[in-house]
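Colleague: The structure follows.
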Amino acid sequence: MGLRLFLAVVLALAISACGGPRVPAPESRAVTGPAPVFGDHKPHDWTAIRPWDYQVHGIDISKWQGEIDWHQVRASGISFVFIKATEGGDHADERFAENWAAARRAGVPRGACHYYYFCRTAQEQARWFAANVPPERGALPPVLDAEWTPESRTCRLRPDPATVRSEMAIYLAEVGRHYRKRPVVYTTVDFYRDNELWKLTGYQFWLRSVANHPSIVYPGQDWAFWQYTGTGMIPGIRGRADINAFGGSPAEWRQWLAANAY
(Lines give C-alpha, C1' and ligand atoms only; values in the text may rest on other atoms or scores of the structure.)
Protein backbone atom coordinates (compact mmCIF):
# COMPACT_ATOMS: atom_id res chain seq x y z
CA MET A 1 0.00 0.00 0.00
CA GLY A 2 1.54 3.30 -1.12
CA LEU A 3 1.84 6.64 0.58
CA ARG A 4 -1.07 8.20 -1.33
CA LEU A 5 -3.50 5.54 -0.18
CA PHE A 6 -2.19 5.84 3.36
CA LEU A 7 -2.96 9.56 3.37
CA ALA A 8 -6.30 9.07 1.68
CA VAL A 9 -7.70 7.15 4.62
CA VAL A 10 -7.06 9.93 7.13
CA LEU A 11 -10.33 10.59 8.93
CA ALA A 12 -9.46 13.86 10.64
CA LEU A 13 -6.62 16.25 11.44
CA ALA A 14 -5.39 15.75 14.89
CA ILE A 15 3.56 18.18 20.21
CA SER A 16 5.64 15.28 20.67
CA ALA A 17 5.83 13.52 24.06
CA CYS A 18 7.91 11.36 26.00
CA GLY A 19 9.03 -9.19 32.29
CA GLY A 20 7.36 -10.85 29.64
CA PRO A 21 8.62 -11.98 26.27
CA ARG A 22 10.70 -9.69 24.08
CA VAL A 23 9.39 -9.17 20.57
CA PRO A 24 11.99 -9.69 17.81
CA ALA A 25 12.47 -6.90 15.31
CA PRO A 26 13.03 -8.81 12.06
CA GLU A 27 10.89 -8.75 8.96
CA SER A 28 9.09 -11.90 10.12
CA ARG A 29 7.08 -9.67 12.48
CA ALA A 30 5.81 -7.45 9.67
CA VAL A 31 2.22 -8.14 8.73
CA THR A 32 0.01 -7.21 5.83
CA GLY A 33 -3.21 -5.40 6.58
CA PRO A 34 -5.24 -2.24 6.07
CA ALA A 35 -3.61 1.16 6.43
CA PRO A 36 -4.23 2.91 9.74
CA VAL A 37 -6.89 5.61 9.86
CA PHE A 38 -4.51 8.41 10.76
CA GLY A 39 -1.82 10.29 8.92
CA ASP A 40 1.26 12.48 9.15
CA HIS A 41 1.90 16.18 8.72
CA LYS A 42 5.35 15.37 7.29
CA PRO A 43 5.14 11.80 5.94
CA HIS A 44 8.36 9.94 5.25
CA ASP A 45 8.85 8.09 1.96
CA TRP A 46 9.57 4.68 3.44
CA THR A 47 11.68 2.42 1.26
CA ALA A 48 12.01 -0.64 3.49
CA ILE A 49 9.43 -2.04 5.91
CA ARG A 50 6.77 0.61 6.42
CA PRO A 51 5.00 1.47 9.67
CA TRP A 52 1.62 0.54 8.25
CA ASP A 53 2.92 -2.96 7.52
CA TYR A 54 2.17 -3.40 11.23
CA GLN A 55 -1.43 -3.50 12.39
CA VAL A 56 -1.16 -2.43 16.04
CA HIS A 57 -0.45 1.27 16.59
CA GLY A 58 -0.37 3.57 19.59
CA ILE A 59 0.62 7.06 20.68
CA ASP A 60 2.66 8.74 23.39
CA ILE A 61 1.53 12.06 24.77
CA SER A 62 2.19 14.75 27.36
CA LYS A 63 0.69 18.08 28.41
CA TRP A 64 1.69 19.53 25.04
CA GLN A 65 -1.15 17.68 23.28
CA GLY A 66 -3.63 19.73 25.33
CA GLU A 67 -7.15 18.48 25.85
CA ILE A 68 -7.69 15.13 24.12
CA ASP A 69 -10.92 13.53 22.92
CA TRP A 70 -10.07 10.02 24.06
CA HIS A 71 -13.13 8.42 22.52
CA GLN A 72 -12.11 9.76 19.11
CA VAL A 73 -8.59 8.49 19.71
CA ARG A 74 -9.93 5.05 20.56
CA ALA A 75 -12.26 5.05 17.53
CA SER A 76 -9.35 5.91 15.22
CA GLY A 77 -7.82 2.50 15.85
CA ILE A 78 -5.23 3.46 18.46
CA SER A 79 -4.48 0.39 20.58
CA PHE A 80 -2.32 1.86 23.37
CA VAL A 81 -0.90 5.07 24.81
CA PHE A 82 2.15 5.92 26.88
CA ILE A 83 1.58 9.04 28.98
CA LYS A 84 4.35 11.25 30.30
CA ALA A 85 4.20 11.36 34.09
CA THR A 86 7.46 12.72 35.50
CA GLU A 87 10.88 14.25 34.80
CA GLY A 88 13.99 14.05 36.93
CA GLY A 89 13.29 14.11 40.65
CA ASP A 90 10.89 17.01 41.07
CA HIS A 91 8.75 17.65 37.99
CA ALA A 92 5.38 16.08 37.16
CA ASP A 93 3.44 16.56 33.95
CA GLU A 94 0.49 18.83 34.68
CA ARG A 95 -1.95 16.75 32.64
CA PHE A 96 -0.81 13.28 33.69
CA ALA A 97 -3.60 12.57 36.18
CA GLU A 98 -6.22 13.87 33.75
CA ASN A 99 -4.89 11.83 30.81
CA TRP A 100 -4.34 8.74 32.95
CA ALA A 101 -7.95 8.70 34.12
CA ALA A 102 -9.48 9.70 30.76
CA ALA A 103 -7.59 7.05 28.78
CA ARG A 104 -8.82 4.40 31.19
CA ARG A 105 -12.42 5.57 30.89
CA ALA A 106 -12.14 5.35 27.09
CA GLY A 107 -10.74 1.84 27.31
CA VAL A 108 -7.30 2.63 25.88
CA PRO A 109 -4.52 0.53 27.46
CA ARG A 110 -2.02 2.96 28.96
CA GLY A 111 1.34 3.14 30.64
CA ALA A 112 3.33 5.95 32.27
CA CYS A 113 6.69 7.42 31.21
CA HIS A 114 9.54 8.96 33.20
CA TYR A 115 11.97 11.33 31.46
CA TYR A 116 15.40 10.70 32.98
CA TYR A 117 17.82 13.46 34.03
CA PHE A 118 21.40 12.55 34.92
CA CYS A 119 21.63 15.36 37.47
CA ARG A 120 19.55 13.41 39.99
CA THR A 121 20.27 9.94 41.36
CA ALA A 122 18.47 6.91 40.03
CA GLN A 123 16.95 6.25 43.45
CA GLU A 124 15.55 9.79 43.72
CA GLN A 125 13.94 9.52 40.31
CA ALA A 126 12.48 6.08 40.96
CA ARG A 127 10.89 7.36 44.18
CA TRP A 128 9.52 10.43 42.40
CA PHE A 129 7.94 8.33 39.65
CA ALA A 130 6.41 5.95 42.21
CA ALA A 131 4.98 8.90 44.14
CA ASN A 132 3.14 10.13 41.05
CA VAL A 133 2.05 6.97 39.21
CA PRO A 134 -0.40 4.60 40.88
CA PRO A 135 0.32 0.85 40.54
CA GLU A 136 -3.00 0.09 38.86
CA ARG A 137 -4.08 -3.35 37.75
CA GLY A 138 -4.14 -3.62 33.96
CA ALA A 139 -1.71 -0.77 33.29
CA LEU A 140 1.10 -1.22 30.78
CA PRO A 141 4.68 -1.50 32.09
CA PRO A 142 6.27 1.79 33.17
CA VAL A 143 8.65 3.38 30.68
CA LEU A 144 12.10 4.85 31.23
CA ASP A 145 12.68 7.57 28.61
CA ALA A 146 16.48 7.70 28.28
CA GLU A 147 17.91 10.31 25.92
CA TRP A 148 20.28 13.27 26.02
CA THR A 149 18.87 16.59 27.27
CA PRO A 150 20.86 19.24 25.35
CA GLU A 151 18.07 21.83 25.52
CA SER A 152 17.34 21.48 29.22
CA ARG A 153 17.64 24.64 31.31
CA THR A 154 18.64 22.68 34.38
CA CYS A 155 20.54 19.51 33.35
CA ARG A 156 22.75 18.84 30.34
CA LEU A 157 25.05 16.37 32.05
CA ARG A 158 26.41 13.58 29.81
CA PRO A 159 28.04 10.85 31.91
CA ASP A 160 30.26 8.18 30.38
CA PRO A 161 28.53 5.09 28.90
CA ALA A 162 29.27 2.79 31.82
CA THR A 163 27.80 5.30 34.28
CA VAL A 164 24.75 5.82 32.09
CA ARG A 165 24.03 2.09 31.93
CA SER A 166 24.67 1.65 35.64
CA GLU A 167 22.28 4.46 36.61
CA MET A 168 19.65 3.17 34.21
CA ALA A 169 19.95 -0.33 35.64
CA ILE A 170 19.48 0.99 39.20
CA TYR A 171 16.39 2.97 38.19
CA LEU A 172 14.90 0.07 36.23
CA ALA A 173 15.42 -2.33 39.12
CA GLU A 174 13.86 0.07 41.66
CA VAL A 175 10.81 0.76 39.51
CA GLY A 176 10.48 -2.88 38.55
CA ARG A 177 10.35 -3.91 42.20
CA HIS A 178 7.76 -1.27 43.02
CA TYR A 179 5.38 -2.18 40.19
CA ARG A 180 6.32 -5.86 40.03
CA LYS A 181 6.85 -5.49 36.30
CA ARG A 182 9.99 -4.94 34.23
CA PRO A 183 9.90 -1.44 32.71
CA VAL A 184 10.26 -0.72 29.00
CA VAL A 185 13.24 1.36 27.81
CA TYR A 186 12.56 4.16 25.32
CA THR A 187 15.58 5.64 23.59
CA THR A 188 16.88 7.48 20.53
CA VAL A 189 19.53 6.36 18.07
CA ASP A 190 22.26 8.75 19.24
CA PHE A 191 21.75 7.91 22.92
CA TYR A 192 21.62 4.18 22.12
CA ARG A 193 24.87 4.31 20.16
CA ASP A 194 26.72 6.70 22.48
CA ASN A 195 26.00 4.54 25.50
CA GLU A 196 26.15 1.08 23.90
CA LEU A 197 22.68 0.23 25.14
CA TRP A 198 22.80 -3.17 23.47
CA LYS A 199 24.75 -4.09 26.61
CA LEU A 200 21.65 -3.35 28.71
CA THR A 201 19.92 -6.71 28.65
CA GLY A 202 16.75 -8.12 30.14
CA TYR A 203 14.45 -5.25 29.16
CA GLN A 204 12.12 -4.60 26.26
CA PHE A 205 13.02 -1.67 24.04
CA TRP A 206 10.92 1.08 22.49
CA LEU A 207 13.01 2.63 19.71
CA ARG A 208 12.71 5.97 17.93
CA SER A 209 13.43 5.67 14.20
CA VAL A 210 11.68 8.18 11.94
CA ALA A 211 13.59 7.56 8.69
CA ASN A 212 14.09 3.81 8.50
CA HIS A 213 13.05 0.52 10.06
CA PRO A 214 14.59 -0.25 13.49
CA SER A 215 16.25 -3.38 12.10
CA ILE A 216 18.39 -1.06 9.95
CA VAL A 217 18.95 1.77 12.44
CA TYR A 218 19.47 -0.51 15.49
CA PRO A 219 20.88 -3.68 13.88
CA GLY A 220 20.45 -6.77 16.01
CA GLN A 221 18.35 -5.07 18.69
CA ASP A 222 15.06 -6.68 19.68
CA TRP A 223 12.20 -4.26 20.20
CA ALA A 224 8.59 -4.19 21.29
CA PHE A 225 7.62 -0.67 20.11
CA TRP A 226 8.76 1.53 17.24
CA GLN A 227 8.21 5.30 17.34
CA TYR A 228 8.08 6.11 13.64
CA THR A 229 6.92 9.73 13.58
CA GLY A 230 6.66 12.79 15.79
CA THR A 231 4.37 14.63 13.37
CA GLY A 232 1.38 12.32 13.31
CA MET A 233 -2.26 13.30 12.83
CA ILE A 234 -4.67 11.52 15.18
CA PRO A 235 -8.42 12.14 15.36
CA GLY A 236 -9.13 13.58 18.79
CA ILE A 237 -5.75 15.31 19.13
CA ARG A 238 -5.11 18.85 17.90
CA GLY A 239 -1.68 19.42 16.43
CA ARG A 240 1.03 16.82 16.14
CA ALA A 241 1.51 13.56 17.99
CA ASP A 242 4.02 10.72 18.18
CA ILE A 243 2.80 7.48 16.64
CA ASN A 244 4.22 4.05 17.42
CA ALA A 245 3.89 0.54 16.06
CA PHE A 246 3.89 -2.64 18.10
CA GLY A 247 6.24 -5.19 16.58
CA GLY A 248 3.77 -8.01 16.12
CA SER A 249 0.34 -9.09 14.92
CA PRO A 250 -2.96 -8.32 16.70
CA ALA A 251 -2.89 -11.81 18.20
CA GLU A 252 0.63 -11.24 19.48
CA TRP A 253 -0.47 -7.89 20.90
CA ARG A 254 -3.17 -9.63 22.92
CA GLN A 255 -0.56 -12.10 24.17
CA TRP A 256 1.78 -9.24 25.06
CA LEU A 257 -0.96 -7.49 27.02
CA ALA A 258 -1.78 -10.67 28.91
CA ALA A 259 1.89 -11.10 29.85
CA ASN A 260 2.80 -7.48 30.57
CA ALA A 261 -0.22 -5.57 31.89
CA TYR A 262 0.04 -5.69 35.69
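The values are calculated or read from the model by the stated rules, or taken from the named source; none is laboratory data. Since the structure is predicted, the reported quantities are computational estimates derived from the model, not experimental observations. When we count neighbours, we look across all protein chains shown, and the Cβ atoms used for this are built from the backbone with ideal geometry, even at glycine.
Colleague: Quick one: would you say ARG74 is of a type in the set (Lys, Arg), under 18 Å from the mean Cα position of the chain (by Cα) and farther than 19 Å from VAL143 by Cα? Explain how you work it out, then say what you get.
Modeller: Numbers: of a type in the set (Lys, Arg): yes; under 18 Å from the mean Cα position of the chain (by Cα): yes; farther than 19 Å from VAL143 by Cα: yes.
Criteria met by ARG74.
Colleague: Among the residues of the stretch 212-223, which ones are touching a Gly at 6+ places or on another chain (Cβ under 9 Å) and surrounded by 23 or more Cβ atoms within 10 Å (Cβ to Cβ)? Full working, then the answer.
Modeller: If we filter the stretch 212-223 for residues that are touching a Gly at 6+ places or on another chain (Cβ under 9 Å), which is where we start, we get 214, 222-223.
Answer for the stretch 212-223, where residues must be touching a Gly at 6+ places or on another chain (Cβ under 9 Å) and surrounded by 23 or more Cβ atoms within 10 Å (Cβ to Cβ): PRO214, TRP223.
Colleague: How many residues are touching a Leu at 6+ places or on another chain (Cβ under 8 Å) and either part of a helix (DSSP H, G or I) or surrounded by fewer than 24 Cβ atoms within 10 Å (Cβ to Cβ) (or both) when one looks only at the stretch 224-237? Even if it seems obvious, please write down each step before you answer.
Modeller: Taking the stretch 224-237 and keeping what is touching a Leu at 6+ places or on another chain (Cβ under 8 Å), we get 225-227, 233, 235.
Those left that are additionally either part of a helix (DSSP H, G or I) or surrounded by fewer than 24 Cβ atoms within 10 Å (Cβ to Cβ) (or both): 233, 235.
The total comes to 2.
Colleague: Criterion first (within 27 Å of GLU67 (Cα to Cα) and surrounded by fewer than 21 Cβ atoms within 10 Å (Cβ to Cβ)) does THR201 satisfy it? If you could, list the steps in order and put the result at the bottom.
Modeller: Numbers: within 27 Å of GLU67 (Cα to Cα): no; surrounded by fewer than 21 Cβ atoms within 10 Å (Cβ to Cβ): yes.
Here the answer is no, as THR201 does not meet what is asked.
Colleague: Given the structure, is VAL133 in contact with a Cys (Cβ under 6 Å, 6 or more places away or on another chain), buried (at least 21 other Cβ atoms within 10 Å of the Cβ) and closer than 14 Å to TYR179 by Cβ? Walk me through it before giving the result.
Modeller: Working: in contact with a Cys (Cβ under 6 Å, 6 or more places away or on another chain): no; buried (at least 21 other Cβ atoms within 10 Å of the Cβ): yes; closer than 14 Å to TYR179 by Cβ: yes.
When the stated conditions are applied, VAL133 does not pass them.
Colleague: Using the structure shown, decide if ILE15 is in contact with a helix residue (DSSP H, G or I) (Cβ under 7 Å, 6 or more places away or on another chain), β-branched (Val, Ile, Thr), within 30 Å of ALA126 (Cβ to Cβ) and at pLDDT below 80.
Modeller: So ILE15 passes the test.
Colleague: Right, something else. When you look at PHE96, is it farther than 21 Å from LEU200 by Cα, in contact with a Pro (Cβ under 7 Å, 6 or more places away or on another chain) and not small (Gly, Ala, Ser), yes or no? Break it down stepwise before answering.
Modeller: On the way: farther than 21 Å from LEU200 by Cα: yes; in contact with a Pro (Cβ under 7 Å, 6 or more places away or on another chain): no; not small (Gly, Ala, Ser): yes.
So PHE96 does not fit the description; no.
Colleague: Let me ask another. Restricting to the stretch 34-56, give me the number of residues that are at pLDDT below 75, surrounded by 14 or more Cβ atoms within 10 Å (Cβ to Cβ) and touching a Phe, Trp or Tyr at 6+ places or on another chain (Cβ under 9 Å).
Modeller: Start the filter on the stretch 34-56 by keeping residues that are at pLDDT below 75, which leaves 34-37.
Next, only the ones that are surrounded by 14 or more Cβ atoms within 10 Å (Cβ to Cβ) stay: 35-37.
Filter once more, so that each one left must be touching a Phe, Trp or Tyr at 6+ places or on another chain (Cβ under 9 Å): 35-36.
Total satisfying the criteria: 2.
Colleague: Do any residues in the stretch 106-125 that are among the hydrophobic types (A, V, I, L, M, F, W, C) have Cβ atoms under 6 Å from those of residues that are assigned to a loop (DSSP other than H, G, I, E, B), where the two are at least six apart or on different chains, and which pairs are they?
Modeller: Correct list of pairs: ALA112/VAL133; ALA112/PRO142; CYS113/CYS18; PHE118/LEU157; PHE118/PRO159; CYS119/CYS155; CYS119/LEU157.
Colleague: Just to be sure before I move on: is ALA146 among the small types (Gly, Ala, Ser) and buried (at least 21 other Cβ atoms within 10 Å of the Cβ) in the structure I sent?
Modeller: On the way: among the small types (Gly, Ala, Ser): yes; buried (at least 21 other Cβ atoms within 10 Å of the Cβ): yes.
Yes; evaluated as a whole, the condition is true for this residue.
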